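The values are calculated or read from the model by the stated rules, or taken from the named source; none is laboratory data. In this text, all values refer to a predicted model and were calculated from it rather than measured experimentally. As a convention, Cβ positions derive from the backbone with ideal geometry for all residues, glycine included, and neighbour counts pool all protein chains shown.
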Amino acid sequence: MHSQTDTSDAVKLSILDQSPIIKGHSPNAAIEQTVNLAKIADELGFHRYWLAEHHNMRGLASSCPEVLLTAIGQQTKQIRIGTGAVLLPYYSSAKIAETFRMQEALCPGRIDLGIGRAPGGDMLTAKAINEQALYSINEFPQQVVDLVGWLRDDLDDEHPFNAVKAMPKGNSCPEIWLLGSSDYSSTLAAHLGVRFAFAHFINPIGGDAVSRQYRTTFTPSSLETRPTSMVCIFVVCAESNEEAEHLAASIDHRRVMMATGKETEILPSEEAINWPYSERERQIIRQERNRIVLGTPESVKNQLSELKSDFGADELMILTITGDYGTRIKSYELIAEEFAIN
């Protein structure tokens, strides 16, 4: 059971949802589960609920987080909601600014705009979505500058589109986060004076140094006067270590399939445990385990608290994928209780 935590030690704990597609369930069911989990997260007291953007993936259904965000907003009351992340090179900065001004109008004071530059899928899919995206990746820093300018209605006077206003205009602005798994994103976030989230679940090595560099090189801006950072981590929590290991088999299988170029749905844990892995694939599982925090609630809390300290992070965000939707919800419930976030 959790130990009581005073408010001075309270951790801002949030959820990243990739809308995993479990074998035997439809992609539509994955989206329904995302909306349902958002409502549960709101009731449990989680701080933020972010939606990922991925394309042409058999195992993940969240291709349009900016659309799904509207449904989440209608079904929740107080939790902050956002994207983790909108993959900006695919889009016009002006259009994303308008989209998130609209979201802010619908849910004032609750919207986060997380921005990334990864393709969120294979190169053929990236080209199908926007043929120019692969070339515009070098324009990403300017895209972010333009996006901030349109959201805050303070584009540079010399900007060629200075006369263009992102509507609907309002008195509040979404929180802007730059997401990444390297020092490229942290350096840019520090330079622009925006919030930074490190994807430990993508790159478990060196993130502590990257995040600390962000904090020490941060330049105050019209958006933020001080650095604010978050670390996002794969987590599997259960009432026993044995059950957590059992549940983690589903993500083990997914990581092996991704590493060997075989994108699949998420397998139920029993099927994943009995998968006929080669010795090379078992080695991949052992290597990939450093991306995952797993165990009992007490153990998970200790591991997450240590990571938060190592990163010098203000907040934690957790991503859980298991082989069925019920155990995924239970994992979040156990963590919420252990951290006493409600």
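A few remarks follow.
- Selected residue (criterion: nearest to the chain's Cα centre (by Cα)) from residues of segment 42-59 that are farther than 17 Å from I233 by Cα and aliphatic (A, V, I, L, M): M57
- For the residues N342, N302, N241, the requirement of being under 22 Å from H47 (Cβ atoms), touching a Gly at 6+ places or on another chain (Cβ under 7 Å) and not basic (K, R) singles out N342.
- Candidate set: segment 297-306, residues that are in contact with a strand residue (DSSP E or B) (Cβ under 8 Å, 6 or more places away or on another chain) and buried (at least 18 other Cβ atoms within 10 Å of the Cβ); chosen: the one nearest to I251 (Cα to Cα): V300
- Those helices (runs of 4 or more DSSP H) of segment 243-339 in which 2 or more residues are modelled with pLDDT of 95 or more, of a type in the set (A, V, I, L, M, F, W, C) and over 19 Å from the mean Cα position of the chain (by Cα) occupy 269-273, 279-288, 325-339.
- F218 vs. criteria crowded, with 16+ Cβ neighbours inside 10 Å, more than 18 Å from A336 (Cα to Cα) and aromatic (F, W, Y): yes
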